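**Q** Have a look at this one before I ask anything.
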Amino acid sequence: MSKRPQPEPVHVIKERRDRALAALVEGVPYIKTIGITFDRRGDELTAVLNYDEKLIGNPFLPALHGGAIASFLEVAAIMELGFHILWDEIEGGRLSADDLSPQNLPRMPKTIDFTVDYLRSGLPRDAYARARVNRSGRRYASVHVEAWQDNRERLFAQATGHFLMPSRD
């Protein structure tokens with residue numbers, strides 16, 4: 001009777017996921033420019049728009065600029081899709097997490113359209129967003145993103161985007 005192989009230790013998988021996410025983020029310089037970071041728990045990503053005064057659009061309220069909010073939501077959606085593409089490549093043995101760099105990442109999805117609903121003013125503080133992939137096929141993906149600040153139940157913006165998936169050469 002043959003022994004079942006031992007599963008990989010959790011910390012090894014965690015380190016591999018962290019390396020994959022870091023390479024993906026490093027491959028998109030705009031993420032650093034606008035001040036977005038990511039908190040990863042398992043395969044769930046939370047995008048964080050770290051508050052900076054340069055993000056204020058209306059200094060009289062003050063409120064976050066609508067363009068910064070839309071960019072934040074679109075980055076969250078693309079990174080969610082990109083992370084899952086990258087993770088599938090790693091787990092499928094087609095890429096090694098140890099050898100990842102911005103130069104050898106899989107191609108990222110391209111935005112077809114992106115619709116933002118501004119539900120209330122973005123306050124001058126950190127914002128958070130989570131994306132949910134509604135559909136992901138070989139050619140097309142649909143993603144919904146929700147953003148909040150102090151209370152997860154009080155969204156200040158949400159968006160739906162459609163993306164052209166990269167071909168798998």
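Computed from the coordinates by the stated procedures, all read-outs in this text should not be read as laboratory data. A quick note: this is a predicted structure, and the numbers were derived from the prediction, not measured. Heads up, the Cβs are rebuilt from the backbone with ideal geometry, glycines too, and the neighbour counts pull from every protein chain shown.
**Q** May I ask you to order 116-129, 62-75 by the average number of other C-beta atoms within 10 Å around their residues, highest value first?
**A** Those peptides, ordered most packed to least, come out 62-75, 116-129.
**Q** Return one number: the angle in degrees, 0 to 90 and rounded to the nearest 10, between the long axis of the Cα atoms of helix 10-26 and the longest principal axis of the Cα atoms of the chain.
**A** Relative to the chain, helix 10-26 is tipped by roughly 50 degrees.
**Q** Extension gain SER96-ARG41, at 0.36 nm per residue separation less the Cα-Cα distance, in nm?
**A** 17.7 nm
**Q** Would you be so kind as to identify which of ALA22, TYR51, VAL75 lies farthest towards the positive end of the dipole of segment 1-116, taking Lys and Arg as +1 and Asp and Glu as -1 on Cβ and the Cα centre as origin?
**A** Of ALA22, TYR51, VAL75, it is ALA22.
**Q** Something else about it: For segment 122-169, what does the convex hull of the Cα positions come to per residue, in cubic angstrom?
**A** Values: hull volume 3.9 nm³, N = 48.
Roughly 80 Å³ of hull volume per residue.
**Q** Can you tell me the 0 to 90 degree angle between the C-alpha axis of helix 66-91 and the longest principal axis of the chain, rounded to 10?
**A** Around 0 degrees separate the two axes.
**Q** Can you tell me, using C-alpha contacts under 8 Å and at least 6 residues apart, the relative contact order of the chain as a whole percent?
**A** Numbers: 278 pairs, mean separation 39.2, N = 169.
The normalised contact order for the chain reaches 23 percent.
**Q** Would you compute, from DSSP H runs of 4+ residues alone, the mean residue ellipticity of the chain at 222 nm, taking -39500 (n - 2.57) per run and dividing by the full residue count, rounded to the nearest 500? Can you show the working numbers first?
**A** Details: 3 runs with 49 residues, N = 169.
It lands at -9500 deg cm²/dmol.
**Q** If you don't mind, another one. Please report, in debye to the nearest 20, how large the charge dipole of segment 1-110 is about its Cα centre when each Lys and Arg carries +1 at its beta carbon and each Asp and Glu carries -1 there.
**A** Working: 13 positive and 16 negative charges, 40 e Å.
It works out to roughly 200 debye.
**Q** Using bins 5 angstrom wide from zero, how does P(r) for the chain break down, in % of all Cα pairs?
**A** With a bin width of 5 Å, the distribution comes to 1, 8, 17, 19, 18, 14, 9, 6, 3, 1, 1, 0, 0, 0, 0.
**Q** Rank by packing, highest mean first: peptides 144-152, 132-140, with packing defined as the count of other Cβ atoms within 10 Å averaged across residues.
**A** Those peptides, ordered most packed to least, come out 144-152, 132-140.
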